[in-house]
Amino acid sequence: MTEEQLAEFYALAGYQVVHSDSGFWYSASPRVYHNLPPSEARDPTRAELKQLFSRHRLYGVQYPSLSTGLPTARYILRDKQYGLQSLQRQFRQHVRKGMKHCETRQIDFEQLHELGTPVNQDAMSRRTYTPPQFVDAARWKLFCDAGRRTPGVSVIAAFVDGALASYLIYAVVEETAYGLFMLSRADLRHFRPNQLPGLGVNTAIE
């Protein structure tokens, strides 16, 4: 998919989406915009930022920068032979435990809409800000409908004894896979559903 299609997904899902000279932004929280695609570095000019702040009455914007801000890192997988043997011993044990107790598979957005609410409620109870898309029934349906209507956006889910333990929504933009949203149930974390193969796209884990 293209950056424009990813931006359309966020707009259909109920987020505010705007475009400036350096690219797309979405309303990650009240009056705070994040860049799209996530983790894509950019360097907006002061004039561009000033226009964003004044036009949309923002408190802040968050984006990876090549020239300013705090040091950070981006992990890129290039080794096609990457597997269990590539992991440090401690992490390999977590993955093996997850593989033993969990089932990982692709699900569609209709299944996510049906099964995701308990995960959303648990994950959002641990946040200071709760996006309405994940707690309001009508907004959750709108969100899942947006995923269903947008080619290139997919869901990987981990199950423990048939119960949804965690899920990752991701998108492949051009040739890069981006983790967009990852949520999990705290009461099932000891089964390591977040460490399973396919759930390792770099994203925030709630």
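When region 2-30 is limited to residues that are open to solvent by less than 30 Å² (accessible area, probe 1.4 Å) and touching a Gly at 6+ places or on another chain (Cβ under 8 Å), the one that is farthest from PRO44 (Cα to Cα) turns out to be ALA13.
Condition check ((1) among the hydroxyl-bearing types (Ser, Thr, Tyr); (2) open to solvent by 50 Å² or more (accessible area, probe 1.4 Å); (3) in a strand (DSSP E or B)) across all residues:
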residue	(1), (2), (3)
PRO118	no, yes, no
THR128	yes, yes, no
LEU142	no, yes, no
ASP145	no, no, no
PRO151	no, yes, no
SER154	yes, no, yes
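Open to solvent by 10 Å² or more (accessible area, probe 1.4 Å), in contact (Cβ under 8 Å) with a residue 40 or more places away in the chain and assigned to a helix (DSSP H, G or I): is that true of HIS94 in this structure? It is true that HIS94 is open to solvent by 10 Å² or more (accessible area, probe 1.4 Å), in contact (Cβ under 8 Å) with a residue 40 or more places away in the chain and assigned to a helix (DSSP H, G or I).
The residues in region 158-205 that are open to solvent by 50 Å² or more (accessible area, probe 1.4 Å), modelled with pLDDT under 85 and under 22 Å from ARG92 (Cα atoms) can be counted, and the count is 6. For beta carbons closer than 6 Å, sequence separation of 6+ or different chains, a first residue in region 182-204 that is more than 21 Å from LYS80 (Cα to Cα) and a second that is part of a loop (DSSP other than H, G, I, E, B) and modelled with pLDDT of 55 or more, the qualifying pairs are PHE191/CYS102; PRO193/CYS102.
The single condition among (1) in contact (Cβ under 8 Å) with a residue 24 or more places away in the chain; (2) open to solvent by less than 40 Å² (accessible area, probe 1.4 Å); (3) among the hydrophobic types (A, V, I, L, M, F, W, C); (4) out of contact with any Cys (no Cβ under 6 Å at 6 or more places or on another chain) that LEU112 does not satisfy is (4).
The values are calculated or read from the model by the stated rules, or taken from the named source; none is laboratory data. Please read these numbers as outputs of a predicted model, since none were measured by experiment. All Cβ positions, glycine included, derive from the backbone under ideal geometry; neighbour counts span all protein chains shown. The area values use the complete protein model at the heavy-atom level, side chains included, leaving out ligands, DNA and RNA. Shrake-Rupley method; radii C 1.70, N 1.55, O 1.52, S 1.80 Å.
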